[in-house]
Amino acid sequence: QYDLNNLLLLKQELSSVNQIESSLRHVNSPLLVKVRTSLQDKRLDFLLEKLSDIIDETMLTSKTGKKSKDNLQFVIRPNIFPDLDELRDAYSNLINEVTQYEQQLQSALKDQSPPRSNIFP
């Protein structure tokens, strides 16, 4: 989980490199010129492209729009790591089974609950 968070942060930072570089376009300070030059390195674009191929950030938010730790495992696109795909399928199946079991228990409890009587007027 820690490594995935770091990859997400790296992708986010790399996404802003072009904006930073363009904002430094008219600087004259030697240090800032050096920074701008380093941001023009094509390897940064390549790295961002590769991370974009692997990471799907839209999977971070659930259907409710909230971020969840459970969603983090789905950030890596399918068919990148077959073992991860199998683990995600097993996890999803387990969650579905637990949800179904919970629904069965709730239904059974509703059927067993005694009718309310008016003991106290």
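Here the 3J(HN,Hα) profile of segment 32-37, calculated from phi with Karplus coefficients 6.51, -1.76 and 1.60 at θ = phi - 60°, is 5, 5, 5, 4, 4, 4 Hz, Gly and Pro shown as x. Distant-in-sequence amide contacts of ILE55, defined by a placed amide H-H separation under 5 Å and a gap of 5 or more residues or a different chain, comprise ARG77. Roughly how many Å² of GLU102 are accessible to a 1.4 Å probe, to the nearest 10? Probe radius 1.4 Å; accessible area of GLU102 about 100 Å².
Rounded to whole numbers, the Karplus 3J(HN,Hα) couplings from phi for segment 89-104 are 4, 4, 4, 4, 5, 4, 4, 5, 5, 5, 4, 5, 5, 4, 5, 5 Hz, using 6.51 cos²θ - 1.76 cosθ + 1.60 with θ = phi - 60°, and x at Gly and Pro.
Other residues with beta-carbon under 15 Å from the beta-carbon of LEU14 carry, at +1 per Lys or Arg and -1 per Asp or Glu, a net charge of -3. Note on TYR101: accessible area is roughly 130 Å² with a 1.4 Å probe, heavy atoms of protein only. Charge tally for LEU32 (other residues, Cβ to Cβ under 12 Å; Lys, Arg +1; Asp, Glu -1): +2. Electrostatic bookkeeping for ARG43 treats Lys and Arg as +1 and Asp and Glu as -1; over the other residues with beta carbon under 15 Å from its beta carbon, the sum is -2.
The values are calculated or read from the model by the stated rules, or taken from the named source; none is laboratory data. The shown structure was predicted, so the numbers you read here are calculated from the model rather than taken from an experiment. Positions of Cβ are generated from backbone atoms using ideal geometry, with glycine treated the same way; all protein chains shown enter the neighbour counts. When the accessible area is computed, the model is the full protein with side chains, heavy atoms only, and any ligands, DNA or RNA have been set aside. Shrake-Rupley method; radii C 1.70, N 1.55, O 1.52, S 1.80 Å.
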